[in-house]
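The block underneath contains the structure these notes are about, expressed in structure tokens.
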Amino acid sequence: MSLRERIAELEAELERAEARTAEEVERFRVSMLGRNGAITHLFDAFRQVGAEEKRELGQRLNRLKRDAQARLEKLRGGLDRTPQVRNDRGDPTRPAATGRLGGLHPITLVRQRIVDIFSGIGFSVSQGPEIEDDHHNFSALNFPPDHPARDMQDTFFVADAKDLSLRTHTSSVQVRVMESSKPPIRTVSPGRVYRNEAISARAHAMFHQVEGLYVDKDVSFAELKGTLDHFVRTLFGPDMRIRLRPSYFPFTEPSAEVDMNCTLCGGDGCAVCKHSGWVEIMGCGLVDPTVLANCGIDPKIHTGFAFGMGVERIAQLLYRVPDLRLYWENDLRFLRQFADGPFRS
Ligand code: DAH
């Protein structure tokens, strides 16, 4: 058989070649392109070809080799799919793999826990707008016209709306609730607040507060202290203690600052508690009679207490977060640490 005929025969053979297993593919490769393969042999025979046929047969032979390699790849590709299809079906009784679920933000988690504790002792939840007028954010709360909190330094004003600003505290919701309902009132108001502060590890221009308000007949300072004591022990554990220090707010009289044992050092003293063993967690007091009157409640009949706490601060003490900015950076390595229950990723 001439070289020309042998090439034609192998071309036809390539067309017909089939393989169902890796072994069959390998057998095809060895039989065609291996050291003793048919095509390899033809290259040996090609050396004897006379000068006049060399060019034409050389080209056909090279094409044959390329076709054989292409065929080999095709047979291999056909094989790759076969086991994949089987794997995809897999074991149908195997439990389904769950995808990654998101988690609640630590501030959301802590806000929910704070609200839950007060719900458990009869407080409702109320909300107010984040863009607030001067009356609800300041005047009704007994801030004198020249009070520094009204200053441009602290408050974000709404451009071209002289009376409007971003609320600087959730105490504004106290006013709205008292104006629109009659005692007894027991409510907590969680929400965002804004202050024109330079952002640092310890201060942010946007943060969260939970305001509390109780108005009824004969509400006492002892009830205020008992309520806050219950709150702190429920959230942080039964061994936690609070202490009240006299303070001043325009809307409460008397007023106090509430400290609790430092959770970061356990009372030994650290940077967060400024080596005192105590950390400040909120402000509180008996609602100033002027504020009750401003909101349409008769201070001769009713008294009340109020308190306001920062959610970031409580979260810092629960989770030992060293830098306020971490709450807003959306770094998944930070956020994943708080993923809880069904949201665990
Ligand atoms: N509104 C105060 C603040 O933002 C916190 C506060 C203090 C709220 C005393 C109160 C309170 O209800 O009685 O700093």
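The values are calculated or read from the model by the stated rules, or taken from the named source; none is laboratory data. Here the structure is a predicted model, which means the values were calculated and not measured. All Cβ positions, glycine included, derive from the backbone under ideal geometry; neighbour counts span all protein chains shown.
Being out of contact with any strand residue (DSSP E or B) (no Cβ under 6 Å at 6 or more places or on another chain) and under 30 Å from Arg333 (Cβ atoms) holds for only one residue in Arg113, Arg176, Arg150, and it is Arg113. Among the residues of segment 293-320, how many are out of contact with any helix residue (DSSP H, G or I) (no Cβ under 7 Å at 6 or more places or on another chain), assigned to a helix (DSSP H, G or I) and within 16 Å of the ligand (Cβ to nearest atom)? Within segment 293-320, residues that are out of contact with any helix residue (DSSP H, G or I) (no Cβ under 7 Å at 6 or more places or on another chain), assigned to a helix (DSSP H, G or I) and within 16 Å of the ligand (Cβ to nearest atom) number 1.
When Arg29 is tested against the conditions (1) outside any helix (DSSP H, G or I); (2) in contact (Cβ under 8 Å) with a residue 40 or more places away in the chain; (3) over 30 Å from Ala315 (Cβ atoms), the lone failure is (1). If only residues of segment 183-203 that are surrounded by fewer than 20 Cβ atoms within 10 Å (Cβ to Cβ) and polar (S, T, N, Q) are counted, the one that is modelled with the lowest pLDDT is Ser200. Check segment 321-328 and report whether any residue there is more than 16 Å from the ligand (Cβ to nearest atom), on the phi > 0 side of the Ramachandran plot and surrounded by fewer than 15 Cβ atoms within 10 Å (Cβ to Cβ). No, segment 321-328 has no match at all.
Residues checked against (1) assigned to a loop (DSSP other than H, G, I, E, B); (2) within 13 Å of the ligand (Cβ to nearest atom):
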site: Ala149; (1), (2): no, yes
site: Asp154; (1), (2): yes, yes
site: Asp160; (1), (2): yes, no
site: Thr168; (1), (2): yes, yes
site: Ser172; (1), (2): no, yes
site: Val175; (1), (2): no, yes
site: Met178; (1), (2): no, yes
site: Arg186; (1), (2): no, no
site: Arg192; (1), (2): no, yes
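The rows are residues; the columns are (1) in a helix (DSSP H, G or I); (2) free of Cβ contacts under 8 Å to residues at least 60 places away in the same chain.
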position: Asn36; (1), (2): no, yes
position: Ile39; (1), (2): yes, yes
position: Gln48; (1), (2): no, yes
position: Arg55; (1), (2): yes, yes
position: Leu61; (1), (2): yes, yes
position: Lys65; (1), (2): yes, yes
position: Ala68; (1), (2): yes, yes
position: Lys74; (1), (2): yes, yes
position: Leu79; (1), (2): yes, no
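Before we move on, is Gly226 modelled with pLDDT of 95 or more and either in the same structural domain as Leu318 (by TED's automatic domain parsing) or touching a Cys at 6+ places or on another chain (Cβ under 8 Å) (or both)? So Gly226 fits the description; yes.
Tell me yes or no: at least one residue of segment 137-153 is within 17 Å of Gly191 (Cβ to Cβ), touching a residue at least 24 places away in the same chain (Cβ under 8 Å) and surrounded by fewer than 19 Cβ atoms within 10 Å (Cβ to Cβ). No, segment 137-153 has no match at all.
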